[in-house]
Structure formats: structure tokens, C-alpha cells
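Novice: Quick one: the structure is below, questions incoming.
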Amino acid sequence: MMFSFLLFLAPALVAAHGAVTSYEIGGKTYEGYQGFSPVAGAQIIQRQWPDYNPIMTVTDAKMTCNGGTAAPLSAEVAAGTNVTAFWKQWTHEQGPVMVWLYSCDGEFTACDGKSKKWFKIDEMGLWGNVLNSKNWGTALVMKNLKWSSKIPSTLKPGNYLIRHELLALHQANTPQFYPECAQIKVTGSGTATPPASFLTSIPAYAAQSDPGVMVDIYQGGGTSYKTPGPAVWTG
């Protein structure tokens, strides 16, 4: 009886995480995938992700786009305007939010996100000095189920992947990564690209031992937190 109960409970426990399920860009809503029910051939901008399960290591190949490799559509977004991602559910209040871009330098069909071209455009980690608190970026996602980020005004136009990442730190020294990607076409008259110091590869934008990744928010004794990876580039 107990074994049957655990089998019944397991899907609910896994589904209690979350992922980006839609976007709002330029006043238009773009639907994404839903957990455990990806639709073959869906006409969407989001790269398919298979489930709500967390990624546990920074070197996992799924870190790039949670296993997603392509999407049939893209969304046009003017530099200087916002992209808003929406979650249907999110349940963890401790950890940072990070938003990344990747310049495809060509067609999306040939854009695998594997080069050292990822750069952050937004992040929110901890405010204050209490790690075991709700003063985290992911707590705002849990409250609002959305996150809005500005595309740098001076960014060079072109095809980009936008990657939203939640890093859950609610289990001591057991980080959980939740990334998803979508395809956007940035427009405008900008010419700027981030310097090399802002660029990184994904997977492995930080070491697993990085103090922003391997954290004990309960008994670690920390009073500050630095989000892993390079600094945010704002243009």
C-alpha cells in the first residue's frame, strides 16, 4: 500500500517545480511548452523542454536550454523594450534569477548555444544579509509568476536566444537549475556587443564548487551572496 502511495505521489512532487510556459513581447503573448505534455511540431518560439525536473550540475548538457534544441518560430523585439517570461507554477523562494542572451550570428536552425557567447542582461540574487529568508529573486517569481527584463538599448540587431534561469538553493549544498530558452529577433539601430569579459559558455558558466552554486543557506554562516557567472551587461 505504501509503495503504491509513493508511486502516486511521485509525479506530484516532480511537478511541484516549474518552468517558463509563455512570454509577452511587444504586447503579444507567445505560448510555450507545458510540463510533461510537449506538443510535437508546436508553432512556438520556445525551445522544447521535456519536464519540470531540475538539473543538478553546472556541467550537464541540458544546462544550455533544458534539452531544447530548436523552435519553428521567433519573436521580434525592439532593443530597449522588455521581454516578460511567465511561469504557471514555482515553489522555491531561495535562489537567484538570471536572464541571458546568446548571439546566433545566423539562422536559428544552426544556433546550438554551445559557443562562448552567452551574456547576462539581468539578475537578482539576495537582498539583505539573511540567506534563510524570502529576500531572493526566486521569491518574487513565486509571488508574481513572471519576470520582465529589458533588452539592452544599444544591442546590435540579430537573432538571439533568450535564456531564463532559476537557481533553487532551498536544499543545503544541493543546487537545482531550471533554464529555458526562446528565439528572439532583436531590432533597432544599435551596434553594441558585450566585451569578452562578459561572455561565457553554458554549460559550465561557473564551477560546481562556486560559492554562488554550492550554498548552505541554513547552517553555512553566510551573510552575503554573489550570483554565479559573469556580471550583467546593460549595453
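The values are calculated or read from the model by the stated rules, or taken from the named source; none is laboratory data. Just so it is clear, the structure is predicted and the values come from calculations on it, not from any experiment. All Cβ positions, even for glycine, are placed from backbone atoms using ideal geometry, and neighbour counts span all protein chains on display. The accessibility values were calculated without ligands, DNA or RNA, using every heavy atom of the protein model including side chains. Shrake-Rupley method; radii C 1.70, N 1.55, O 1.52, S 1.80 Å.
Novice: Using the crude model of +1 on Lys and Arg Cβ and -1 on Asp and Glu Cβ, and no other charge, please compute the dipole size for the chain relative to its Cα centre, in debye to 20.
Specialist: Magnitude of the dipole: close to 280 debye.
Novice: Right, something else. How large is the charge dipole for region 115-235, taken about the Cα centre, if only the Cβ atoms of Lys, Arg (+1) and Asp, Glu (-1) carry charge, to the nearest 20 debye?
Specialist: With Lys and Arg at +1 and Asp and Glu at -1, about 400 debye.
Novice: Accessible area, 1.4 Å probe, largest first: how do Lys143, Lys150 sort?
Specialist: Lys143, Lys150
Novice: Would you mind estimating how fast the chain diffuses translationally, via Stokes-Einstein at 37 °C and 0.692 mPa s with the Kirkwood radius over Cα pairs, in µm²/s?
Specialist: Translational D for this selection: 181 µm²/s.
Novice: Keeping all protein chains in place, calculate the accessible area per residue for the chain (probe 1.4 angstrom), answer in Å².
Specialist: Computed with neighbouring chains in place, this is 46 Å² per residue.
Novice: With unit charges on the beta carbons (Lys and Arg positive, Asp and Glu negative) and the dipole taken about the Cα centre of region 72-116, which residue among Ala110, Thr84, Gly95 sits farthest to the positive side?
Specialist: Gly95
Novice: Return the distance in nm (one decimal) between the two label points of a simple spin-label model at Lys114 and Ala172, each offset 7 Å from Cα along Cα→Cβ.
Specialist: Result for the modelled spin labels: 3.9 nm.
Novice: Roll a 1.4 angstrom probe over the protein heavy atoms and tell me the percent of accessible area of region 60-99 that is carbon or sulfur.
Specialist: 49
Novice: Counting pairs of alpha carbon atoms under 8 Å apart in space and at least six apart in sequence, what relative contact order in percent does the chain give?
Specialist: Answer for the chain is 24 percent.
Novice: May I pose another question? Work out the charge dipole of the chain with +1 on the Cβ of Lys and Arg and -1 on the Cβ of Asp and Glu about the Cα centre, then indicate which of Tyr33, His164, Gln48 is farthest towards its positive end.
Specialist: Going by the Cα projections, it comes out as His164.
Novice: Mind scanning Lys114/Lys143; Lys62/Lys150; Lys114/Lys150 and naming the pairs with a C-alpha gap bigger than 30 Å?
Specialist: Going by Cα-Cα distance, Lys114/Lys143 fall outside the 30 Å limit.
Novice: Taking the simple approach of a point 7 Å from Cα along Cα-to-Cβ for both Glu31 and Thr223, what is their distance in nm?
Specialist: 5.1
Novice: Pick from Ser103, Ser189, Ser22: which is most flexible by mean-square fluctuation in a GNM of the chain where alpha carbon atoms under 10 Å apart are linked?
Specialist: Comparing Ser103, Ser189, Ser22 in the GNM, the peak value goes to Ser189.
Novice: Further question: Positive end of the charge dipole of the chain (Lys, Arg +1 and Asp, Glu -1 on Cβ, about the Cα centre): tell me which of Gln208, Val141, Gly190 has its Cα farthest that way.
Specialist: Among Gln208, Val141, Gly190, the one farthest towards the positive end of the dipole of the chain is Gly190.
Novice: Follow-up question, since we're still on this one. Is the shape of region 29-81 best called rounded, prolate or oblate, per the rule: a/c under 1.5 gives rounded, else a/b larger than b/c gives prolate, else oblate, with a ≥ b ≥ c the square roots of the Cα gyration tensor eigenvalues?
Specialist: oblate
Novice: For Leu199, what charge total do you get from the other residues with a beta carbon under 11 Å from its beta carbon, if Lys and Arg give +1 and Asp and Glu give -1?
Specialist: Summing Lys/Arg as +1 and Asp/Glu as -1 gives +3.
Novice: Enumerate the calculated ³J(HN,Hα) couplings along region 207-222 in order (Karplus 6.51 cos²θ - 1.76 cosθ + 1.60, θ = phi - 60°), each rounded to whole Hz, writing x wherever the residue is Gly or Pro.
Specialist: 7, 4, 7, 3, x, x, 9, 8, 9, 10, 6, 9, 10, x, x, x
Novice: Now for a different question. What is the percent carbon and sulfur in the accessible area of region 106-170, measuring with a 1.4 Å probe over the protein chains and ignoring ligands?
Specialist: Exposed carbon and sulfur together represent 51 percent of the surface.
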